[in-house]
1. Within region 84-97, does at least one residue satisfy the condition of being assigned to a strand (DSSP E or B) and more than 25 Å from the chain's Cα centre (by Cα)?
2. Could you list, in sequence order, all residues of region 220-247 that are crowded, with 17+ Cβ neighbours inside 10 Å, under 12 Å from the mean Cα position of the chain (by Cα) and in a loop (DSSP other than H, G, I, E, B)?
3. Which one of these is under 26 Å from Glu217 (Cβ atoms) and modelled with pLDDT of 95 or more: Gln67, Gln56?
4. Which numbered condition trips up Ala100, out of (1) of a type outside the set (Phe, Trp, Tyr); (2) on the phi < 0 side of the Ramachandran plot; (3) part of a loop (DSSP other than H, G, I, E, B)?
5. Just wondering, is there one or more residues in region 128-139 that are touching a residue at least 60 places away in the same chain (Cβ under 8 Å), under 18 Å from Asp216 (Cα atoms), part of a strand (DSSP E or B) and not aromatic (Phe, Trp, Tyr)?
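The values are calculated or read from the model by the stated rules, or taken from the named source; none is laboratory data. It should be emphasised that the depicted structure is a prediction, and the values quoted were computed from it without experimental measurement. Note that each Cβ is placed from the backbone with ideal geometry, even for glycine, and that neighbours are counted across all protein chains shown. We work out accessible area using only protein heavy atoms, side chains counted, and drop any ligands, DNA or RNA first. Shrake-Rupley method; radii C 1.70, N 1.55, O 1.52, S 1.80 Å.
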Amino acid sequence: MTNSLLVRAGLAQSKAARLAVCGIVTFVCWLHPATLLAAPTISYIQGNYSAPQSPQTTVKVTYTAAQVTGDLNVVAVGWNDSTATVSTVTDTTGNVYTRAVGPTVISGVESQSIYYAKNIAAAGAGANSVTVTFSTAAAYPDIRILEYSGADPNNPVDVTAAASGSSATSSSGAVTTTNATDLLFGANMVQTSTTGAGTSFTSRILTSPDGDIAEDEMVTATGSYSATAPLASGDWIMQMVAFRTPAGGTAPPTVSSVSPNSGSTAGGTAVTITGQTSPRERR
């Protein structure tokens, strides 16, 4: 959609006139504050975990701080067998959890899945707990819960990746994102201990004594990405979910022409600024 804005100004045929036109363009940008916004980002809010050291049929983990309406909950569910399966993931507030990736399974060793709840309901500090229920008692379950703000409330998942292996580096394998501003969320399940976050990632949770990580990285361009994390060798599962920001939120209006670019010193010259607004700004 192309829009025009008429502005009357007294413009002399000089450098001052050109500066005046620049001032008008600045005024237009003031009318469209989206031009001043930074690229959208997804921000980490809080996290918690539970890693019981005996078989469990249910595991409960609580968000200790208050939760905000519209945020995103992420739950990494790992366990040390390939027999049990996840029956349900629920929480006190009634948010609906969807499996983003998994289960990724190493036969006879371990399994992991990542779940999320979009556009969550508000909850007071300590008022919302996530409960993971297994089909049978799962060996050494490792549950990590995290909250993020800024994710798309309707369709937050862009792409996913998952892999397993036995080495000193866990890696999800690469996928190509389709959204420029994605949060790459990675989680692993290891048989030894993760020693830190992967390159460019920030460690959010490193469980004890299990040594399984939840990490993230905010990117600003589409491309091929993977989640990695070093460990003390041995079997591992690594999964990654790229969560997207809302589309079309911050593109600034563009100016394609200003006519005329000079005028009479007496004033009263009508200046037409023609350009295009971002989709969210159009009415």
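1. The initial filter retains those residues of region 84-97 that are assigned to a strand (DSSP E or B), namely 86-91.
Cutting the leftovers down to more than 25 Å from the chain's Cα centre (by Cα) gives us 87.
Yes: region 84-97 contains one or more residues that are assigned to a strand (DSSP E or B) and more than 25 Å from the chain's Cα centre (by Cα).
2. Thr245, Pro246
3. Details: Gln56 fails: under 26 Å from Glu217 (Cβ atoms).
Going through Gln67, Gln56 in turn, just one is under 26 Å from Glu217 (Cβ atoms) and modelled with pLDDT of 95 or more: Gln67.
4. Evaluating Ala100 over (1) of a type outside the set (Phe, Trp, Tyr); (2) on the phi < 0 side of the Ramachandran plot; (3) part of a loop (DSSP other than H, G, I, E, B) leaves (3) as the failure.
5. Within region 128-139, the subset touching a residue at least 60 places away in the same chain (Cβ under 8 Å) is 128-134, 136-139.
Filter once more, keeping what is under 18 Å from Asp216 (Cα atoms): none.
No; the residues of region 128-139 include none that is touching a residue at least 60 places away in the same chain (Cβ under 8 Å), under 18 Å from Asp216 (Cα atoms), part of a strand (DSSP E or B) and not aromatic (Phe, Trp, Tyr).
Conditions (1) open to solvent by less than 30 Å² (accessible area, probe 1.4 Å); (2) in contact with a Gly (Cβ under 9 Å, 6 or more places away or on another chain), marked per residue:
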position	(1), (2)
Trp79	yes, no
Ser82	no, yes
Thr85	no, no
Arg99	no, no
Pro103	no, no
Asn119	no, yes
Ala123	yes, no
Asn128	yes, no
